[in-house]
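The values are calculated or read from the model by the stated rules, or taken from the named source; none is laboratory data. Computed from a predicted model, the values in this text were never measured in an experiment. Reconstructed Cβ throughout: ideal geometry from the backbone, glycine too, with neighbour counts over all protein chains shown. We work out accessible area using only protein heavy atoms, side chains counted, and drop any ligands, DNA or RNA first. Shrake-Rupley method; radii C 1.70, N 1.55, O 1.52, S 1.80 Å.
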Amino acid sequence: MTYAALALQLTARSVERCRDRATARAQMLETIESIGPKLRAASVFIEQYSGNTVRLAVLPEYLLTSYPGRISITDFADKAALEEGGPEYEAFGRIAQAQNLFLAGNAYETDRHFPGLYFQTSFVVAPSGEVVLRYRRLNSMFAPTPHDVWSKYLDVYGLEGAFPVARTEIGNLAAIASEEILYPEIARAHALRGAEIFVHSSSEIGSPVATHKAIAKRARAFENLAYVVSANTAGIEGAAMPFASADGNSVVVDWKGNVLAESNTGETFTAFGIIDLDALRAARRKPGMTNYLARQRTELFAAAYGASTVHPAGTLLDRAPDRDHFLRVQREVIDRLAKEGVI
């Protein structure tokens, strides 16, 4: 099976200057409505150019809102975080249905089980309009994560909910959010659950020099024998930082770690490539030195990981969150690791 996958590089729109919840929600829906025509035009060109139909499109990180900045966690959750099954997901569903493709994106989202918090959520909407994958970012510097309420999160969703893989007609999809591409354990956990294609929504520095994330995307691909479809923002509109600070280098990487296509700067569809699912599956099932996924010896590392705690779990289970909480915890972690001789 072959088809085209697209990392659609678009401008994120900050809600920082929206005066209230209603204004922010209206702007978010307006942004979603603008995606459909751009995606359709891109898909038509790609099919004419390559002869392959676009079946997977990935949107950038926090496209609807940009980053929260110093807005309090509870205020940002109310103002800008989506609700499961809300009108924004319905709008994404209409695009996926109309264009018969899987649409992957990223947004901040509330959860009724964790009032007052939001989670950064990567999602995939199927051609049916249904959300078939919902992954909450597990490692973040300045935002709540499931790990911060880990025991309760596992009670509610289980490990399958923490590392979900959507088994679809175009392959097994898993999401990696933004900076998490730098953490090989997250990609590996998905791969061990069958993930074949990583959808990666990001908002990052673009550069002609290889960045950490650019290197990591290729590494996550070949070490897991998986495709990476990574969409970056084409700048951030309405935020305090210079517009083009996070712009360019959306990329599609094949399971050998080869870059199939990479965008320059600005809004563009030029990061598209052909997914060859049969070739990937054949490589995974063939013995050899380059079958790195099949050569994993997980028992070697389980004890070392299990015996070590770096960033503690559950730090938001018994306290109201504030923006400075995350830096305080990291300072405590660094002090402890220094005393233990780790760093």
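Between Thr315, Thr265, Thr309, the distinction of being at pLDDT 95 or above, among the β-branched types (Val, Ile, Thr) and either open to solvent by less than 70 Å² (accessible area, probe 1.4 Å) or not in a strand (DSSP E or B) (or both) belongs to Thr265 only.
The residues in segment 135-182 that are part of a strand (DSSP E or B) and open to solvent by less than 60 Å² (accessible area, probe 1.4 Å) can be counted, and the count is 11.
Checked against (1) outside any strand (DSSP E or B); (2) within 21 Å of the chain's Cα centre (by Cα), Thr270 passes all but condition (1).
Taking the conditions (1) modelled with pLDDT of 90 or more; (2) within 30 Å of Val333 (Cα to Cα); (3) open to solvent by less than 80 Å² (accessible area, probe 1.4 Å); (4) out of contact with any strand residue (DSSP E or B) (no Cβ under 8 Å at 6 or more places or on another chain) in turn, Phe301 satisfies each one other than (3). Restricting Ile186, Ile197, Ile205 to residues that are at pLDDT 95 or above and either touching a helix residue (DSSP H, G or I) at 6+ places or on another chain (Cβ under 7 Å) or open to solvent by 70 Å² or more (accessible area, probe 1.4 Å) (or both) narrows the list to Ile186. If you filter segment 42-90 down to residues that are within 17 Å of Ser263 (Cα to Cα), open to solvent by 10 Å² or more (accessible area, probe 1.4 Å) and small (Gly, Ala, Ser), you find that the one that is modelled with the lowest pLDDT is Ser50.
Return yes when Ser122 is among the polar types (S, T, N, Q) and surrounded by 14 or more Cβ atoms within 10 Å (Cβ to Cβ) and no when it is not. Here the answer is yes, as Ser122 does meet what is asked. Is one or more of the residues making up segment 287-297 of a type outside the set (Asp, Glu), touching a Phe, Trp or Tyr at 6+ places or on another chain (Cβ under 9 Å) and open to solvent by 70 Å² or more (accessible area, probe 1.4 Å)? Within segment 287-297, one or more residues are of a type outside the set (Asp, Glu), touching a Phe, Trp or Tyr at 6+ places or on another chain (Cβ under 9 Å) and open to solvent by 70 Å² or more (accessible area, probe 1.4 Å). Of the listed requirements (1) surrounded by 23 or more Cβ atoms within 10 Å (Cβ to Cβ); (2) in contact with a helix residue (DSSP H, G or I) (Cβ under 6 Å, 6 or more places away or on another chain); (3) touching a residue at least 40 places away in the same chain (Cβ under 8 Å); (4) at negative phi, His113 misses just one: (1).
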